[in-house]
Amino acid sequence: MSVTSLPVALDAPGLQASSARRKSPVSFFEFWPGWLFYAPVAVFWILKSIRYGSLTLPTLANPRINAGGICGESKNDILGLAGPLARQWIAPYTPLTTSGHNDGNDLTLALAAMARAGLSFPVVAKPDMSCNGVGVRVVNNEAQLAAYLAAFPRATAMQLQALITHEGEAGIFYIRHPGEAAGRITSVTLKFPPSVTGDGKRSVRELIAADQRLNAVSNLLLPQLGAKAGAIPAEGESVRLVFVGNHCRGSTFKDGLDIVTPALTARIDEIVQDMQEVYFSRLDLRYESLEALREGRNFQIIEFNGSGSEATHIWDPEMTLRAAYATQFFHYGESFKIGAAVRQRGLRPSGLRKLASLWRHQKKLMAAYPAND
């Protein structure tokens, strides 16, 4: 049977053709060290800071979000900005804070919160403050939820969210300047979490090795799979290797800006305009089909990201380095422009000391979260 890292490839027009043209399963800069890839971005940021007189001006790009969402933002607080229209498009969730002592009461509190929110198993358990999918796990029953809660840091906020089973995953970047009547979509990333299809003979590890893309990112996949890598899937059985559709976990990202239609733009615009003063955000969502997404229907938003958002289509294996930097410079340049417009209202951006404190706190929490799927 076939091996594929693009489980819904047939639903993405042009994807098979572009795959045939691909010279390499990864772009040459796709897995550069962060300090190397982001060095030009840091220089750009500094130049913009000099021009606008503030190194932290983008913290005002979303004035209702802590530090604008550059770091240390609360997922629950951001979703709490949603009005009645936006809430219809957000996957149901409930906030939760673990108790100060691991006394077993967290499960009772969690089940009560789920009941109030109308949630049932399976649900996605995730930290309230995190990034790159750290600490995110699907829990299928009370026993798994109890284990997750027991491993979670004490007196720390988290979230339980309905598991959306739509196969399609996407990140849609939205920008609107204060005072503009309508915003625009500036980036679409179609995400394809890695998976293999069994032939009843080869192990997951062997199936990974047989796929050009998966083999190229096997160093990201195999350590997380552990003993599961030795399992032999049945013929035709599809095995998803990770849950979180994250680039740093081995997912394939494709530039999907060509799927944008007036209907999709209008839908995203009305949703974000019902979020209190969210001007610069990437919406992570799951969708039923590309046809439905183009028509602005049958999708559920998992979360909104703030000023620290990245237009993740730059990690498309066919992306050029020049285009990737042009994208980065455009988006972060827009965050400075929006911050400048908000500053005219008399608001002040967060200081460097606050950002450093938020970053240290987030890193400390992320090191303590349970292992993610």
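The values are calculated or read from the model by the stated rules, or taken from the named source; none is laboratory data. From a predicted model like this one, the values you see are computed outputs, not experimental measurements. Every residue, glycine among them, receives a Cβ derived from its backbone with ideal geometry; neighbour counts consider all protein chains shown.
Some notes on this structure:
- For region 168-184, taking the residues that are touching a residue at least 60 places away in the same chain (Cβ under 8 Å) and over 15 Å from the mean Cα position of the chain (by Cα), the one that is surrounded by the most Cβ atoms within 10 Å (Cβ to Cβ) is identified as ILE175.
- Qualifying residue in region 345-353 (condition: surrounded by 15 or more Cβ atoms within 10 Å (Cβ to Cβ) and closer than 12 Å to LEU57 by Cβ): yes
Per-residue answers, yes or no, for (1) β-branched (Val, Ile, Thr); (2) touching a Phe, Trp or Tyr at 6+ places or on another chain (Cβ under 7 Å); (3) farther than 30 Å from VAL26 by Cβ; (4) surrounded by 15 or more Cβ atoms within 10 Å (Cβ to Cβ):
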site: ILE314; (1), (2), (3), (4): yes, no, no, yes
site: GLU318; (1), (2), (3), (4): no, no, no, no
site: ALA323; (1), (2), (3), (4): no, no, no, no
site: PHE329; (1), (2), (3), (4): no, yes, no, yes
site: ARG343; (1), (2), (3), (4): no, no, yes, yes
site: TRP359; (1), (2), (3), (4): no, no, no, no
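- Odd one out for ASP284 among (1) in contact with an Asp or Glu (Cβ under 7 Å, 6 or more places away or on another chain); (2) surrounded by fewer than 18 Cβ atoms within 10 Å (Cβ to Cβ): (2)
- Looking only at region 53-95, and only at residues there that are at positive phi and in contact with a helix residue (DSSP H, G or I) (Cβ under 6 Å, 6 or more places away or on another chain), the one that is surrounded by the most Cβ atoms within 10 Å (Cβ to Cβ): GLY68
- Residue ID - modelled with the highest pLDDT, chosen from residues in region 211-234 that are out of contact with any Ser or Thr (no Cβ under 9 Å at 6 or more places or on another chain) and surrounded by fewer than 14 Cβ atoms within 10 Å (Cβ to Cβ): ALA234
- Number of residues in region 303-329 that are aromatic (Phe, Trp, Tyr) and either outside the structural domain of PHE253 (by TED's automatic domain parsing) or more than 16 Å from ALA39 (Cα to Cα) (or both) equals 2.
- Any hit, region 92-107, residues being assigned to a loop (DSSP other than H, G, I, E, B) and among the aliphatic types (A, V, I, L, M): no
- Any hit, region 102-119, residues being of a type in the set (Lys, Arg), in the same structural domain as ARG249 (by TED's automatic domain parsing) and either surrounded by fewer than 22 Cβ atoms within 10 Å (Cβ to Cβ) or free of Cβ contacts under 8 Å to residues at least 40 places away in the same chain (or both): no
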